[in-house]
Amino acid sequence: MPVLTTDAESETGIPKSLSNEPPSETMEEIEHTCPQPRLTLTAPAPFADEVSCQCQAPHEKLTIAQARLGTPVDRPVRVYADGIFDLFHSGHARALMQAKTLFPNSYLLVGVCSDDLTHKFKGFTVMNEAERYEALRHCRYVDEVIRDAPWTLTPEFLEKHKIDFVAHDDIPYSSAGSDDVYKHIKEAGMFVPTQRTEGISTSDIITRIVRDYDVYARRNLQRGYTAKELNVSFINEKKYRFQNQVDKMKEKVKNVEERSKEFVNRVEEKSHDLIQKWEEKSREFIGNFLELFGPDGAWKQMFQERSSRMLQALSPKQSPVSSPTRSRSPSRSPSPTFSWLPVKTSPPSSPKAASASISSLSEGDEDEK
C-alpha cells in the first residue's frame with residue numbers, strides 16, 4: 001500500500017506547498033480552478049490524466065476541523081483513497097462512500113495500483129488492472145481515478161494531485177518493511193480513518209471460490225469452458241462430467257417426484273370436491289324426499305284430499321226423510337218416493353225381536369197406504 005516518504009524539502013515528508021509557510025500570493029489574487037465533484041451519474045468517472053488539476057492558486061494546507069466546517073469555500077477538499085480493489089465488492093464501495101462524505105464539500109480521488117506493483121508486493125490478482133480501473137470508474141462516489149498509483153506516497157505525488165487528506169481504515173497496514181505504512185501521514189495530520197465492513201473482503205470471496213472449487217469447475221465445464229481453460233486434469237474432467245450427468249438424473253427424478261406429488265394433490269383436491277358435492281346433493285335429495293313423503297309432507301296431504309273426494313263420490317249424503325210438501329195440482333197424483341239406498345238393519349238378536357221388527361214394518365206399510 002502507499003506510504004509517505006521523506007525528502008529534503010520537508011522533514012515530515014509534506015511538500016513545501018502543503019506546509020504551514022504562508023503562500024507567496026494570496027487566494028484573492030489567484031482564483032481556484034480545481035475540478036468540482038461530479039453532479040451527474042450518467043457517465044463514468046474520468047481518469048486523472050484526462051482532468052488533471054491545473055489550478056495555479058496556492059494550495060493551502062487544511063486542518064481536519066477546517067475541512068469539516070466546509071472551508072475553503074472556493075474549492076473542494078481533495079481526499080485521496082488508494083487500494084488494489086480486486087473483485088470490487090460492497091466493502092470497497094462503503095469505504096469509498098465514507099471517504100466521500102467525510103467533509104461537506106469533498107472531491108474523491110481513488111488511486112489503483114498496477115498489476116506489476118500488486119503482484120510484486122501483495123500477490124496475484126483475479127482481475128487485471130484494466131478491469132480494476134474500469135470497476136472504480138463506475139462507482140458513484142468516485143470523482144477521479146488515478147491509474148498506476150504508486151505503492152508508496154511521495155511528496156511529489158501529493159503535490160501533483162493537490163491532495164489534502166488520505167482516507168483509509170485505521171488498522172495498521174504492514175508492508176514495504178514498515179509496521180504501519182500510514183504512520184508518517186498520521187503524524188502529518190493528513191490521515192482520516194474509515195471503518196471496514198465486516199463479513200466481506202476480497203480474501204473472503206477467494207476463499208469461497210477455493211472451498212467450492214469443484215462446484216464452480218463442474219458448472220463452467222457444463223457451460224462450455226474447456227478443461228485447459230480451467231486448468232483441470234483429464235481425470236478430474238471426466239469425474240466432473242460424470243458428476244454433472246448424475247446431477248442431471250437426480251434433477252429429472254426430483255422433477256418427476258414433484259410432478260407426481262402435484263398430480264396426487266390435485267386428485268385429492270378433486271376427490272374432496274366430489275365428496276363435498278355428493279354430500280350436498282344427498283342432503284338436498286333427502287330434504288326433498290322428507291318434504292314430499294314425510295309425516296307432514298305434501299304427498300300425505302294430497303293423498304288425504306283425494307281419498308276424501310273418493311269417499312264423497314262413493315257415499316254421498318242422504319236426502320232428509322221429511323221434506324216439505326209442495327202444492328200439487330189436483331189433476332196430478334203425487335209421484336211415488338223411492339229410497340235409493342237400502343237402510344241397513346241390524347239382524348235380530350232373537351226370534352222375538354225379529355217378530356217385532358216385522359210387525360213394525362207392516363205398520364209402516366199401513367201408514368203409507
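Structural remarks
- Counting Lys and Arg as +1 and Asp and Glu as -1 over every other residue whose Cβ lies under 15 Å from the Cβ of Asp273, the net charge comes to 0.
- Charge dipole magnitude, Cβ of K and R +1, D and E -1 - the range 64-199, Cα centre, debye nearest 20: 380 debye
- Summed side-chain charge close to Tyr216 - residues other than Tyr216 whose Cβ falls under 12 Å, Lys, Arg +1, Asp, Glu -1: +3
- Simple point charges give the picture: +1 on the Cβ of Lys and Arg, -1 on the Cβ of Asp and Glu, and for the range 184-291 a dipole about the Cα centre of about 820 debye.
- Residues whose amide H comes within less than 5 Å of that of Phe47, counting only those at least five positions distant or on another chain, are Val145 (H built at 1.01 Å from N in the peptide plane).
- Distance violations [Cα-Cα > 23 Å] among Lys120/Lys228; Lys248/Lys270; Lys61/Lys183; Lys122/Lys228: Lys120/Lys228; Lys248/Lys270; Lys122/Lys228
- As a fraction of the 1.4 Å probe accessible area of the range 203-299, surface on carbon and sulfur atoms comes out at 57 percent.
- Fully extending the segment from Phe303 to Asp247 would add 12.4 nm, taking 0.36 nm per residue of separation and subtracting the current Cα-Cα distance.
- Per residue solvent-accessible surface (Å²) - the range 64-199, probe of 1.4 Å: 45 Å²
- Other residues within the sphere of radius under 15 Å centred on the Cβ of Tyr141, judged by their own Cβ, net out at +3 (K and R +1, D and E -1).
- Positive-pole candidate from Asn255, Val215, Thr226, dipole of the range 203-299, charges at beta carbon: Thr226
The values are calculated or read from the model by the stated rules, or taken from the named source; none is laboratory data. Since we're looking at a predicted model, the values are computed, not measured. Backbone-built Cβ (ideal geometry, glycine too); neighbour counts: all protein chains shown. With ligands, DNA and RNA removed, areas are computed over all heavy atoms of the protein, side chains included. Shrake-Rupley method; radii C 1.70, N 1.55, O 1.52, S 1.80 Å.
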